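Visitor: Before I ask anything, let me first share the structure, which is written out below as structure tokens.
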Amino acid sequence: NPGGFLGNNYTWKKNRINQSVIEGTLKNNASLAGYRNILLKVTYTRSDGKIVTTDIMINETIYPGKVLTYRKRLLDFLIDTRSINMTIQSAKITSDKSY
């Protein structure tokens, strides 16, 4: 987690074609820095117990004190996914003076 300034809340559900849909909100708690190219690490457990890891990239910039919502789908429609855990792997800091 970049300096502890980015928070991530998300929900996970399977849609009608058995594909995982993750809807989330990133919150930037920093007062000066913006973040972009946020890399989320997604770990999910299949019904056979195998653990699979994949990455999700959020390209938009999240400005200081702001919230960014996202919606992503996983390519797991052939899998009976049991659980999902997601962490912030990395993010690029932007110091754009326009905000």
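The values are calculated or read from the model by the stated rules, or taken from the named source; none is laboratory data. This is a predicted model, so every value here is computed, not measured. Every residue, glycine among them, receives a Cβ derived from its backbone with ideal geometry; neighbour counts consider all protein chains shown. Keep in mind that these areas ignore ligands, DNA and RNA; they rest on the heavy atoms of the full protein, side chains included. Shrake-Rupley method; radii C 1.70, N 1.55, O 1.52, S 1.80 Å.
Visitor: If the elastic network links every pair of Cα atoms under 10 Å, which of T87, T61, T11 fluctuates the most in the Gaussian network model of the chain?
Guide: T11
Visitor: Okay, moving on. Determine the dipole magnitude for the range 1-86: charges of +1 sit on the beta-carbon of Lys and Arg, -1 on that of Asp and Glu, nothing else is charged, the reference point is the Cα centre, and the result goes in debye to the nearest 20.
Guide: The calculated dipole for the range 1-86 is roughly 160 debye.
Visitor: Give the label of the value calculated from the structure for semi-axes √(5λ) of the Cα gyration tensor in Å, choosing from (i) 27, 17, 12; (ii) 20, 17, 13; (iii) 29, 12, 10.
Guide: Derived directly from the coordinates: (iii).
Visitor: Taking every pair of alpha-carbon atoms in the range 52-99, give the share separated by more than 14 Å as a whole percent.
Guide: Here the long-distance tail beyond 14 Å is 64 percent of all Cα pairs in the range 52-99.
Visitor: Can you tell me the length gained on complete extension of the stretch V21 to N59, counting 0.36 nm per residue apart and subtracting the Cα distance?
Guide: 11.9 nm
Visitor: Rg and Dmax of the range 24-78, using alpha carbons, in Å: what are they?
Guide: Here Rg and the maximum Cα pair distance are 14.3, 45 Å.
Visitor: Could you check how much of the accessible area of the chain is carbon and sulfur, as a whole percent, using a 1.4 Å probe?
Guide: Using a 1.4 Å probe with all protein chains present, the chain comes out at 48 percent carbon and sulfur.
Visitor: Can you find, among M86, W12, T54, the residue sitting farthest towards the positive end of the charge dipole of the range 1-97, where Lys and Arg contribute +1 and Asp and Glu -1 at Cβ?
Guide: Value computed over the given set: W12.
Visitor: Same structure again: Heavy-atom accessible area per residue, the range 34-99, 1.4 Å probe: how many Å²?
Guide: Accessible surface, normalised per residue, equals 63 Å².
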